[in-house]
Amino acid sequence: MITVENIKKKFGKLVVLNGIDLTLKKGECIALIGPNGCGKTTLMKIILGMVMADSGSILVNNESITKSELYKQHIGYMPQIGRYPQNMTIGQIIDMVKGIRNEKKPLDEELYKAYELDKLLDKKMSTLSGGTMQKVSAVLSFLFNPSILILDEPTAGLDPIAAEILKQKIIKEKGNGKLIIITSHLLSELDDMVSEIIFMQEGNIIFHRAVTALKESTQTAKISSAILQILKNK
Amino acid sequence: MGRIFKYVMLDILKNKFVIAYMVMMSLVAWSAFTLEDNSAKGMLTLLNLILLTVPLVSVLFSAIYIYNSSEFIELLVSHPIKRSKIWLSLYWGLCGSLVTAFIIGAGIPLLLFAEFTISLLMLVVGILITVIFVSLALLSTIIYRDKAKGIGLTILIWIYFALLFDGLLLFLMFQFADYPIEKPMVLMTALSPLDLSRILLLLQLDSTAIMGYTGAIFRNFFGNTVGMSISFTLLILWSTIPFLVSLKKFKKKDL
């Protein structure tokens, strides 16, 4: 569904992405991990068209993303920190995004109901806590039933119950054959969600492997210890 | 696009700063007309308000608003909508709400107390100045990613146009007093939207004495009607060109 070919990006003299090649298929749930500043957020932003790559190409459903912005119909994005206009209410934000998307397909209101946002529709964004803001971001990213989900630190800032609801939703959508890309620093919570791991460092992909293969080759039961072992052996 | 514009405009109109701006404008305008015995004096007070406060508020508020909306802009970009539409909606939203505040604040007393044609002209000039400085603010936010630098640049823009430019012209005038510099001077005036607006209004108000040096030349050179249409054209160029440059850069910008 997403093909990334030789993507390079520099910010000034700093090389952020140094020729990235990736092929991501539907039904996969991919964890994009790596130390701070390794380029994972930049890679996501390039896929979303927020950052322009210096060279290389990206195909989403076999169409180049530079041609038109319509490919974003298939993508739901949840930012790390969602911030919205201060004086708008939750209801207005949801209404506005619905208007922008303007889709005829039925909406996926499962998270909307689970987080009970209907009781908060008149609340202004400026009065919301960080966690509630994250709930709004999560609801918006799943609302239009997109076939690709890009989640940047999805559970950071959510309370344990809300985080668990989101995790269950992610697992369910993975079962529905969607492509899900997650970045996270919390390796422990990735265990039951992800099927593949991409480890990035200094703008390069160090490895891209299925979780089962990774655990087998390192003889460990958890993702975190498997990755530690790989890094130690280097 | 209409939807983003609508919500951006509603969001700004509910902003306390914009409400305060509106109240302040109407307080000054009402007192200018009710305290002075003739409306011409009130017009001059209002003219100074328009030439100093309106650009400052427009340029600063717009720049701060755009910087504070950076995450919101990112969110919009992640949806299937053209970047140019997002930027246009923000531009129209800022212009629409600040112009509304200006019309409610200064426009009502103007139309009530002053002669209709002149007050209409003043309103139009005020609206143009608002739009011009919104578009200059958008350009500054594109030039600098850093909020402090960008807002510094907008303040610099305001100081330059509102305070320094006329002094600079006067200085040049004295330095080159021995040469026939009327024509270059008129050309120089086109470089400042605030000077253009001042001349435009004073040509109508008939207050030649306070027209400033550039104004006097301008009047001699063009006469009323031609001078007016040229300065209007220039003002409209001032309001579109910085915005178009910022639009072009926004399409390629890394968010």
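Only the coordinates and a few stated rules stand behind these numbers; no lab work does. Small disclaimer: the values here were computed from a predicted structure and weren't measured. Glycine gets a Cβ as well: all are built from the backbone with ideal geometry, and neighbour counts include every protein chain shown.
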Practice problem: With unit charges on the beta carbon (Lys/Arg positive, Asp/Glu negative), name the residue among B:Ala162, B:Phe102, B:Leu88 whose Cα is farthest towards the positive pole of the charge dipole of chain B. | Solution: B:Leu88
Exercise. Set the Förster radius R0 to 60 Å, insert the Cβ-Cβ distance between A:Ser129 and B:Asp178 as r into 1/(1 + (r/R0)^6), and round the FRET efficiency to 0.05.
Key: 0.30
Quiz prompt | Fewest-first sequence of B:Val77, B:Val54 by Cβ atoms within 10 Å of each Cβ | solution = B:Val77, B:Val54
Quiz item: Remind me, relative contact order of chain B in percent, using alpha carbon pairs under 8 angstrom and six or more residues apart?
Solution: 25 percent
Quiz item: How would you rank B:Phe174, A:Phe207, B:Phe61, going from fewest to most other Cβ atoms within 10 Å of each one's own Cβ?
Solution: B:Phe174, A:Phe207, B:Phe61
Self-check item: Euclidean distance between Cα centres, segment B:1-73 to segment B:133-176, Å
Solution: 19 Å
Quiz item: Near A:Lys172, which lysines are there with a Cα under 24 Å away, not counting those fewer than 8 places off in the same chain?
Solution: A:Lys25, A:Lys26, A:Lys72, A:Lys98, A:Lys104, A:Lys105, A:Lys113, A:Lys135, A:Lys215, A:Lys222
Quiz item: Taking Rh as the Kirkwood radius computed over C-alpha pairs, what is the Stokes-Einstein D of segment A:1-104 at 4 °C in a medium of viscosity 1.567 mPa s, expressed in µm² per second?
Solution: 83 µm²/s
Quiz item: Over segment A:85-129, what is the mean sequence separation of C-alpha contacts under 8 Å (at least six apart), divided by residue count, expressed as relative contact order in percent?
Solution: 75 percent
Quiz item: Cα to Cα, under 17 Å, and not fewer than 8 places away if on the same chain: which lysines meet these conditions relative to B:Lys14?
Solution: A:Lys123, A:Lys124, B:Lys6
Quiz item: Check A:Gly37: other-chain or 5+ apart residues with amide H under 5 Å from its amide H, H built from backbone geometry?
Solution: none
Quiz item: How do A:Ile33, B:Ile230 rank when sorted from fewest to most other Cβ atoms within 10 Å of their own Cβ?
Solution: B:Ile230, A:Ile33
Exercise. Starting from the amide H of A:Lys123, placed 1.01 Å from N in the peptide plane, find each other amide H under 5 Å away whose residue is 5 or more places distant or on another chain.
Key: A:Ile90, A:Gly91
Exercise. Calculate the all-directions average of the projected area of segment B:2-249's alpha-carbon convex hull, and give it in nm².
Key: 14.1 nm²
Practice problem: Identify all aspartates and glutamates with a Cα-Cα distance to B:Lys251 below 17 Å; exclude those on the same chain that are fewer than 8 residues away in sequence. | Solution: A:Asp54, A:Glu69, B:Glu71, B:Glu74
Practice problem: Would you kindly derive the ³J(HN,Hα) couplings of segment A:81-93 from the backbone phi angles with the Karplus curve 6.51 cos²θ - 1.76 cosθ + 1.60 (θ = phi - 60°), listing them in order in whole Hz, with x for Gly and Pro? | Solution: 10, x, 10, 10, x, 4, 8, 8, 8, 4, x, 5, 4
Quiz prompt | Under the Karplus curve 6.51 cos²θ - 1.76 cosθ + 1.60, θ = phi - 60°, whole-Hz ³J(HN,Hα) for segment A:58-75, x wherever Gly or Pro sits | solution = 10, 10, 10, 6, 6, 10, 5, 6, 7, 5, 8, 8, 5, 4, 5, 4, 8, 10
Exercise. Using Cα centres only, tell me the gap between segment A:199-234 and segment A:14-90 in whole Å.
Key: 23 Å
Quiz item: Tell me, what HN-Hα J-couplings in whole Hz come from the Karplus equation 6.51 cos²θ - 1.76 cosθ + 1.60 at θ = phi - 60° for each residue of segment A:22-38, using x for Gly and Pro?
Solution: 8, 10, 10, 10, 5, x, 8, 10, 10, 9, 9, 10, x, x, 4, x, 8
Practice problem: Can you give me the P(r) profile for the protein assembly as shown? Cα pairs, bins 10 angstrom wide beginning at 0, each as a whole percent. | Solution: 4, 17, 23, 20, 14, 11, 7, 3, 1, 0
Practice problem: Run the quick spin-label model on A:Glu164 and B:Leu35: label points 7 Å from Cα toward the beta carbon, then report their separation in nm to one decimal. | Solution: 6.6 nm
Self-check item: Dipole axis of segment B:2-249 (+1 Lys, Arg; -1 Asp, Glu on Cβ), positive-most option in B:Trp238, B:Ala137, B:Asn68
Solution: B:Asn68
Practice problem: Only residues of segment B:51-80 count here: report those whose backbone N is under 14 Å from the spot 7 Å along Cα→Cβ of A:Lys105, or say none. | Solution: B:80
Quiz item: Across the Cα atoms of segment A:2-233, what radius of gyration and what greatest pairwise Cα-Cα distance (Dmax) are found, in Å?
Solution: 18.0, 54
Quiz item: So what is the 222 nm mean residue ellipticity for the protein assembly as shown from helices alone, if each DSSP H run of at least 4 adds -39500 (n - 2.57) and you divide by all residues, rounding to the nearest 500 deg cm²/dmol?
Solution: -18500 deg cm²/dmol
Practice problem: Quick one: which residues, 5+ away or cross-chain, put their amide H under 5 Å from the amide H of A:Asn145? H built at 1.01 Å from N. | Solution: A:Asp108
Quiz prompt | Length-normalised contact order for chain A - Cα pairs under 8 Å, 6+ apart - percent | solution = 28 percent
Quiz item: If you place +1 on the Cβ of every Lys and Arg, -1 on the Cβ of every Asp and Glu, and leave all else neutral, what size is the dipole of the protein assembly as shown about its Cα centre, to the nearest 20 Debye?
Solution: 1100 debye
Quiz item: By the gyration tensor of its Cα atoms, with a ≥ b ≥ c the square roots of the eigenvalues, what is the shape of segment A:82-130: rounded for a/c under 1.5, prolate for a/b over b/c, or oblate?
Solution: oblate
